[in-house]
Amino acid sequence: MKFATFDLAGSTRCGVVAGAGDAVVHPLPVGVTLLGLIERGAEELRAAGERARSEPAVALTDVRLLPPLQPPTVRDFVAFEEHVEGVAVTVQGPDATVVPEWYELPTFYFTNPYAIIGPSDVVPMPPGSNVLDFELEVGIVIGRAGKDLTVEQAAEHIIGYTIFNDWSARDLQAREMRVGLGPCKGKDTATTLGPWLVTADEFEVHRDADGFLDVAMRASVNGVEVGRDSLVNMGWPPAELVAYASRGTWVRPGDVLGTGTCGNGGCLGELWGLGRELPPLRPGDTVALTVEGIGTLTNTVVEGAAPRAIPAARKRPRTRKESFDA
């Protein structure tokens, strides 16, 4: 099933997307939210969806799609080797390679749950940035709370998937990460989720024996395709990312885990490393990301706010005793 959240005549509603070409949505009662249904479990989510299908349908053209849910936390992995390799060349030069540590375990950072936007929203240029990029990812949505999960257990905690666009201010990100901490403002302005959540059972037909999902992914800018890959090319399948995220801590219903950017043009940053002379995103550019089995997520870039001045760090006298420096 496909669950959307949307504005209908000024009221925020949740419903089931249906019809040829995903043309209509069957609204659930006022007050029902997708996150609330997820928290009640997969069976209740499925039952609510079946009930909704008996209700009158509304054309999707008559509603404004919102993010499917507002996740409590958002972790973003970097699980595609080809993406890591291409971006390393962009940042470090033609001789850069994927560091050995990448292969050992999945790596992620926490991004901003307050910056979630939907498929109908515009994306403002981050204040102070002139090098904006998109990132084509899939969002893994957690359906059950769990801690220290095995891979087998983790698979049962995935309730669905959505498209995940990790908008990235590459110039801000590059400065921040030279400090050895980050990214922060390089990833802080917008993350798009949508256009809806598709329940995990819909992807079983794409799953191989190792748990990878063979679903096609495509990215275009202003109608021109710039990237194409498959989710099967991840270094770790979704369940392994969930298991690692739960190590020593909790994953909870509604948490979203990004797969990381796919390869072969999943972002401009990778393509720059391959010598493709594509400009960074500018106001007026429209990015469309398509994932097989989910749909297409489209956003347009607009002018952003000017940065408010922040002074440079003040140099202070050292307070360490000489004996500490010996």
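Quick look at the numbers
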| quantity | calculated |
| --- | --- |
| Selection count, the stretch 134-165, where residues are over 17 Å from the mean Cα position of the chain (by Cα), buried (at least 20 other Cβ atoms within 10 Å of the Cβ) and assigned to a loop (DSSP other than H, G, I, E, B) | 2 |
| Residue in the stretch 245-252 that is open to solvent by less than 60 Å² (accessible area, probe 1.4 Å) and β-branched (Val, Ile, Thr) present | yes |
| Residue selected from the stretch 91-120 under the condition surrounded by 20 or more Cβ atoms within 10 Å (Cβ to Cβ) and not β-branched (Val, Ile, Thr), by the criterion farthest from the chain's Cα centre (by Cα) | PRO106 |
| The stretch 22-31, residues that are part of a loop (DSSP other than H, G, I, E, B) and surrounded by 16 or more Cβ atoms within 10 Å (Cβ to Cβ) | ASP22, LEU28 |
| Candidate set from the stretch 257-287 (those that are open to solvent by 10 Å² or more (accessible area, probe 1.4 Å) and in a helix (DSSP H, G or I)); member that is modelled with the highest pLDDT | TRP272 |
| Residue check, ARG170 of a type in the set (D, E, K, R), farther than 27 Å from ALA18 by Cβ and free of Cβ contacts under 8 Å to residues at least 24 places away in the same chain | no |
| Extreme residue, least open to solvent (accessible area, probe 1.4 Å), among residues of the stretch 301-317 that are under 26 Å from MET125 (Cβ atoms) and not aliphatic (A, V, I, L, M) | GLY304 |
| Condition check for ALA88: at pLDDT below 95, surrounded by 17 or more Cβ atoms within 10 Å (Cβ to Cβ) and of a type in the set (A, V, I, L, M, F, W, C) | yes |
| Residue that is nearest to the chain's Cα centre (by Cα), among those in the stretch 183-197 that are part of a loop (DSSP other than H, G, I, E, B) and in contact (Cβ under 8 Å) with a residue 24 or more places away in the chain | ALA190 |
| Which listed residue is farther than 23 Å from LEU241 by Cα, touching a residue at least 60 places away in the same chain (Cβ under 8 Å), buried (at least 19 other Cβ atoms within 10 Å of the Cβ) and touching a helix residue (DSSP H, G or I) at 6+ places or on another chain (Cβ under 7 Å), from LEU45, LEU37, LEU69, LEU65 | LEU45 |
| Any pair with Cβ under 6 angstrom, 6 or more apart, that starts in the stretch 198-215 at a residue that is assigned to a strand (DSSP E or B) and ends at one that is β-branched (Val, Ile, Thr) and modelled with pLDDT of 95 or more | VAL198/ILE294 |
| Complete set of residues in the stretch 173-182 that are free of Cβ contacts under 8 Å to residues at least 40 places away in the same chain and on the phi < 0 side of the Ramachandran plot | GLN173, ARG175, GLU176, MET177, ARG178, VAL179, LEU181 |
| Residue satisfying all of: in the stretch 195-217; closer than 29 Å to VAL91 by Cβ and touching an Asp or Glu at 6+ places or on another chain (Cβ under 8 Å); surrounded by the most Cβ atoms within 10 Å (Cβ to Cβ) among these | MET217 |
| Verdict on ASP229 being within 23 Å of VAL301 (Cβ to Cβ) and among the charged types (D, E, K, R) | yes |
| Entirely in the stretch 32-124, the helices (runs of 4 or more DSSP H) that have 3 or more residues that are of a type outside the set (D, E, K, R) and under 19 Å from ASP22 (Cβ atoms) | 42-52 |
| Residues located in the stretch 174-194, provided they are open to solvent by 30 Å² or more (accessible area, probe 1.4 Å) and either touching a strand residue (DSSP E or B) at 6+ places or on another chain (Cβ under 9 Å) or among the small types (Gly, Ala, Ser) (or both) | ALA174, GLY180, GLY182, LYS185, ASP188, THR189 |
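The values are calculated or read from the model by the stated rules, or taken from the named source; none is laboratory data. As the structure is a prediction and not an experimental result, all values here were calculated from the model. When we count neighbours, we look across all protein chains shown, and the Cβ atoms used for this are built from the backbone with ideal geometry, even at glycine. Just so you know, the surface numbers come from the protein's heavy atoms only, side chains and all, with ligands and any DNA or RNA stripped out. Shrake-Rupley method; radii C 1.70, N 1.55, O 1.52, S 1.80 Å.
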